[in-house]
1. Are there any pairs with C-beta distances below 6 angstrom linking a residue in segment 205-234 that is assigned by TED's automatic domain parsing to the domain that holds residue 149 and in a helix (DSSP H, G or I) to a residue that is at pLDDT below 95 and crowded, with 20+ Cβ neighbours inside 10 Å, with the two at least 6 apart or on different chains, and if so which?
2. If you take just the strands (runs of 3 or more DSSP E) that sit entirely in segment 36-133, which of them hold at least 1 residues that are within 30 Å of residue 169 (Cα to Cα), in contact with a strand residue (DSSP E or B) (Cβ under 8 Å, 6 or more places away or on another chain) and among the hydroxyl-bearing types (Ser, Thr, Tyr)?
3. Can you find, within segment 286-324, the residue that is surrounded by the fewest Cβ atoms within 10 Å (Cβ to Cβ) among those that are free of Cβ contacts under 8 Å to residues at least 24 places away in the same chain, not in a loop (DSSP other than H, G, I, E, B) and not basic (Lys, Arg)?
4. Looking at (1) touching a Ser or Thr at 6+ places or on another chain (Cβ under 6 Å); (2) under 24 Å from residue 370 (Cα atoms); (3) not acidic (Asp, Glu), which one does residue 298 not meet, given that it meets all the others?
5. Hey, does segment 275-285 have a residue that's free of Cβ contacts under 8 Å to residues at least 60 places away in the same chain and β-branched (Val, Ile, Thr)?
6. With respect to residue 254, is the statement that it is surrounded by fewer than 24 Cβ atoms within 10 Å (Cβ to Cβ), touching a residue at least 24 places away in the same chain (Cβ under 8 Å), closer than 16 Å to residue 360 by Cβ and acidic (Asp, Glu) true?
7. Which residue, of 114, 89, is out of contact with any Gly (no Cβ under 8 Å at 6 or more places or on another chain), assigned by TED's automatic domain parsing to the domain that holds residue 67 and without any contact (Cβ under 8 Å) to a residue 12 or more places away in the chain?
8. Could you list, ordered by first residue, the pairs with Cβ atoms under 6 Å in which the first is in segment 154-174 and touching a residue at least 12 places away in the same chain (Cβ under 8 Å) and the second is of a type in the set (D, E, K, R), at least 6 apart or interchain?
Amino acid sequence: MKKLLLTGVALGLGLAFSSAASAQIKIGVAGPVTGPNAAFGAQLKNGVEQAVADINAAGGVNGQKLELVVGDDVSDPKQGVSVANKFAAEGVKWVVGHFNSGVSIPASSVYEEAGIVMVSPASTNPQFTERGLWNTFRTCGRDDQQGLVAGSYLADKFKGKKVAVIHDKTPYGKGLADETQKTMNSKGLKEVVYEGINPGEKDYSALVSKLKQAGVDVVYFGGLHTEAGLIIRQMRDQGLNAPLMSGDGIVSAEFTSIAGPGAEGTLMTFSPDPRKNPNAKDVVEKFRAKNYEPEAYTLYSYAATQVLAEAAKQAGSNDAKKVADTIRAGKPFKTVIGDLSFDKKGDITRPDYVMYVWKKGADGKIDYSGNELGM
């Protein structure tokens, strides 16, 4: 009987070890999978899905495979907190997301308490990494860097002209508009209109009338592609042909379908096109083979997954705090968007913004790809 009992214990231990060895590391991707910003949610989801598939095909991380869990925050801060709590309850330890700064900031507090490390591929508001949390990182730049590029360009190229500064009242949109305004003001260019709009509205005719009355030569907009597209379309409908300048919140092919032909000439700050990075060649081909164009934040999300996986390998542990400590140590990680190293706050150490203009190509489509401008 004793011998049988020992055999049973041994078998039980064997099963336990076997189960531990095959246990999966839960990684969450969170963003607006539905709603007006679903194009960006798709970029995050597709980027992480492909990275997880590629990492698992190469053997996983520290002997374990990654298991992807998807959370839809609909670009809403409350929903983002719900997603964060759901991830915590499900045992997720690593998160790529969220998209909107206004969602990432409150969600990060939930993740910190739950012992989850997060890398946002898209949240650019400085406050995301300025609060001293151990668990917050991003593979993109910051609005104070982006605003410096935008404000300097406006002060240089539109010197003596009438500039309007518009924002969507969100942490991202207002934060970016204010950083741009601060830079151009410091260089002697003062706006003639400063106005906030409500995201989700469809009628911006009152705003356009105000811009026309002020005789603006250029409109700076801090916000996302849906509102930017509607504002441009309504500006053109009312005969206002001033160009619009915006930031990385309009980097979606959907922008031109909303704005129409008036999108041509739009100025935009974004990173050097990640699709053209030699490190991304094989991954870009994989996406295109599936008839998916990996624009904007797709490769930033793939890179965020790579950083988490590589940091775990270097740490020899999948523990979120050890992974975070390894990322923050400053050693570069090889990713599809190039080598990335992080400072103590969790920001990337390289400058990451250039100016683009949306132009009509030989195929008749209006696009920003390949249209970087000299500063």
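The values are calculated or read from the model by the stated rules, or taken from the named source; none is laboratory data. This structure is a prediction, so every number in the text was calculated from the model and none was measured. Neighbour counts are summed over all protein chains in view; Cβ atoms, including those assigned to glycine, are modelled from backbone coordinates with ideal geometry.
1. If the second residue must be at pLDDT below 95 and crowded, with 20+ Cβ neighbours inside 10 Å, the pairs left are 225/252.
2. In segment 36-133, the matching strands (runs of 3 or more DSSP E) lie at 117-120.
3. 289
4. The failed condition is (1).
5. Within segment 275-285, one or more residues are free of Cβ contacts under 8 Å to residues at least 60 places away in the same chain and β-branched (Val, Ile, Thr).
6. no
7. Of 114, 89, the one residue that is out of contact with any Gly (no Cβ under 8 Å at 6 or more places or on another chain), assigned by TED's automatic domain parsing to the domain that holds residue 67 and without any contact (Cβ under 8 Å) to a residue 12 or more places away in the chain is 89.
8. Pairs found: 155/187; 161/217; 162/217; 163/191; 165/191; 166/195; 167/174; 168/227.
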